[in-house]
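Read the structure below first, then the notes.
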Amino acid sequence: MADFISRGFTGRRRPPEELARRLPPGQYYEKGFPVLSAGPTPKVKLEEWRFVVDGLVASPREWTWEDVGRLPFEDVPCDIHRVTKWSKLDTRFGGVSLDHFWEAVKPLAAFAMARSYGGYTTNLPMDDLTGGKAWLVWEHEGDPLPPDHGGPVRLLVPHLYLWKSAKWIAGIRVQKEDYPGFWEGGGYHNRGDPWREQRYWND
Amino acid sequence: MERLRPPAGWQIATVTSVKVETPTVKSFRLSLPAWQPHLPGQHYDVRLTAPDGYRAQRSYSVASSPLDVGEIELTIDRLPEGEVSAYFHDVVRKGDRVEVRGPFASRFVWRGETPALLVGGGSGVVPLMSMLRHRRRTAPDRPMRLLYSVRTEADVIYAGELGGETVLSYSRSAPEGWDGRVGRIDAGAVSRVAFDSGFAFVCGSHGFVETAAGLLLEAGYPAERIRTERFGPTS
């Protein structure tokens, strides 16, 4: 039970019981799909889009849009959680598991930095990017992923807060050291597990 | 990005005043026991707790200058389905206590860069007001302009505080005698306020920010000099 009670607050927007159990602490249920980005939406043409995996890997590689289209496509049903407090439940993306890329390049270190068109970066441990936990996605609810939600292609790591799912993904660098990305260097948590409410540095 | 100090933990602030800005917007001044200075543009989290432990959290931009030591002003737009905003509008009054935490890091901060063009839609003006107020008190000679899009005259927040640096744009209907056009902001409106250098700060609904950022790119602002903050769901 909380120490502090807000006078006169009852909570008029409580989610149904069956959904409440799926909401991490501090999150609310959102039916829409709000957008949040730090600058103008980059316009990335599919024919110019490249996905580069480099750094500490046995064989660095670059994929084009046609190349990723030849990898095994899968539906990714998931719940997503944004650090700005909303969660979207039972949504569905479509794309390719990162495991297929790891098979090709053979990572040799424990950390990674994802980078985006537009200059955004976010750091993740390889453990969060392997074993069927992370994807490159270009479909949402059966439609092409729109640019404001990271299209043409974004990273999807649904078990972490959504800032880790870099929009307009351009590449991933595998590295020996872990160092902070764009938000992580500015006060946000290094790992960002919503179930532990790891929003900020001191969480 | 420069490292910012991590915010203090949750603290219980006291409401020292409530000001009605428009029919749907109120400003709340809060006194904080563990206040720390923010950068104009930063936000605070607010947490409400019901007697049974149910909690709701939201983020609100700070409207005041960090020179207001010990306190912050949060300006809150009452949203139709809002849980926290409705509580602030219907329940909170002077003397109430509310739980807050912040300020939080963001790329959407003004560190004194000028010229600075501020472009706000609706309650997106709130973090821009912190920049405007802070500049008035610290660097009144440095160039800063605000292009502020509102639906009607009744929707203008901080109406009594806007000066010669502000250009209003009415999207729904203009007051009598208004000689400008009515409608969404366009290239003409942006070209009248744009500087030929410096940074642009854009805040508003997602649609507003997409439109305004596009116009700024066309007006010659490089993407890395346009900082945006968006709120609200998309369709």
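What the table shows:
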| read-out | value |
| --- | --- |
| Condition met for A:P77 (part of a loop (DSSP other than H, G, I, E, B) and either more than 7 Å from every other protein chain (Cβ to nearest Cβ) or of a type outside the set (K, R) (or both)) | no |
| Matching strands (runs of 3 or more DSSP E) fully within segment A:90-158 where at least 2 residues are hydroxyl-bearing (S, T, Y) | A:121-125 |
| Residue in segment A:33-57 that is modelled with the highest pLDDT, counting only those that are touching a Lys or Arg at 6+ places or on another chain (Cβ under 8 Å) and facing chain B (nearest Cβ under 8 Å) | A:G39 |
| Restricting segment A:190-203 to residues that are over 22 Å from A:Y29 (Cβ atoms) and touching a strand residue (DSSP E or B) at 6+ places or on another chain (Cβ under 8 Å), the residue that is nearest to the other protein chains (Cβ to nearest Cβ) | A:W201 |
| Residues satisfying the stated conditions in segment B:24-55, i.e. out of contact with any strand residue (DSSP E or B) (no Cβ under 9 Å at 6 or more places or on another chain) and modelled with pLDDT of 95 or more | none |
| Answer from A:F73, A:F101 - the residue that is surrounded by 19 or more Cβ atoms within 10 Å (Cβ to Cβ) and not β-branched (V, I, T) | A:F101 |
| Residues of segment B:187-202 that turn out to be facing another protein chain (nearest Cβ under 10 Å) and either in a loop (DSSP other than H, G, I, E, B) or touching a Gly at 6+ places or on another chain (Cβ under 6 Å) (or both), as a count | 0 |
| A:V153 being away from chain B (no Cβ under 14 Å), crowded, with 22+ Cβ neighbours inside 10 Å and at pLDDT 95 or above | yes |
| Output for segment A:166-203, where each listed residue is closer than 13 Å to A:A112 by Cα and of a type outside the set (A, V, I, L, M) | A:G171, A:R173, A:Q175, A:K176, A:E177, A:D178, A:Y179, A:P180, A:G181, A:N190, A:R191 |
| Any hit, segment A:158-175, residues being within 29 Å of B:R101 (Cβ to Cβ), out of contact with any strand residue (DSSP E or B) (no Cβ under 7 Å at 6 or more places or on another chain), surrounded by 21 or more Cβ atoms within 10 Å (Cβ to Cβ) and hydrophobic (A, V, I, L, M, F, W, C) | yes |
| Residue in segment A:159-189 that is farthest from the chain's Cα centre (by Cα), counting only those that are in a strand (DSSP E or B) and away from chain B (no Cβ under 14 Å) | A:Q175 |
| Test: residue in segment A:136-150 that is crowded, with 23+ Cβ neighbours inside 10 Å and farther than 24 Å from B:H206 by Cα | no |
| Subset of segment A:46-73 (residues that are in contact (Cβ under 8 Å) with a residue 12 or more places away in the chain and closer than 30 Å to B:F201 by Cβ) | A:W49 |
| Filtered residues of segment B:206-235 (kept if in contact with a strand residue (DSSP E or B) (Cβ under 6 Å, 6 or more places away or on another chain) and either at the interface with chain A (Cβ under 8 Å from one of its Cβ atoms) or not aromatic (F, W, Y) (or both)) | B:H206, B:V209, B:A212, B:A213, B:L216, B:R225, B:I226, B:R227, B:T228, B:E229, B:G232 |
| Index of the failed condition, A:M113 passing every other in (1) in contact with a strand residue (DSSP E or B) (Cβ under 8 Å, 6 or more places away or on another chain); (2) free of Cβ contacts under 8 Å to residues at least 40 places away in the same chain | (2) |
| Segment A:21-32, subset in contact with a Phe, Trp or Tyr (Cβ under 9 Å, 6 or more places away or on another chain) and surrounded by fewer than 13 Cβ atoms within 10 Å (Cβ to Cβ), residue farthest from the other protein chains (Cβ to nearest Cβ) | A:P25 |
| Residue within segment B:203-218 that is within 23 Å of A:G119 (Cβ to Cβ) and in a loop (DSSP other than H, G, I, E, B) present | no |
| Residue in segment B:95-103 that is touching a His at 6+ places or on another chain (Cβ under 6 Å), buried (at least 22 other Cβ atoms within 10 Å of the Cβ) and under 25 Å from A:W163 (Cα atoms) present | yes |
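The values are calculated or read from the model by the stated rules, or taken from the named source; none is laboratory data. Remember, it's a predicted structure, so these values are computed and weren't measured experimentally. No Cβ is skipped: glycine too gets one built from the backbone with ideal geometry, and neighbour counts run over all protein chains shown.
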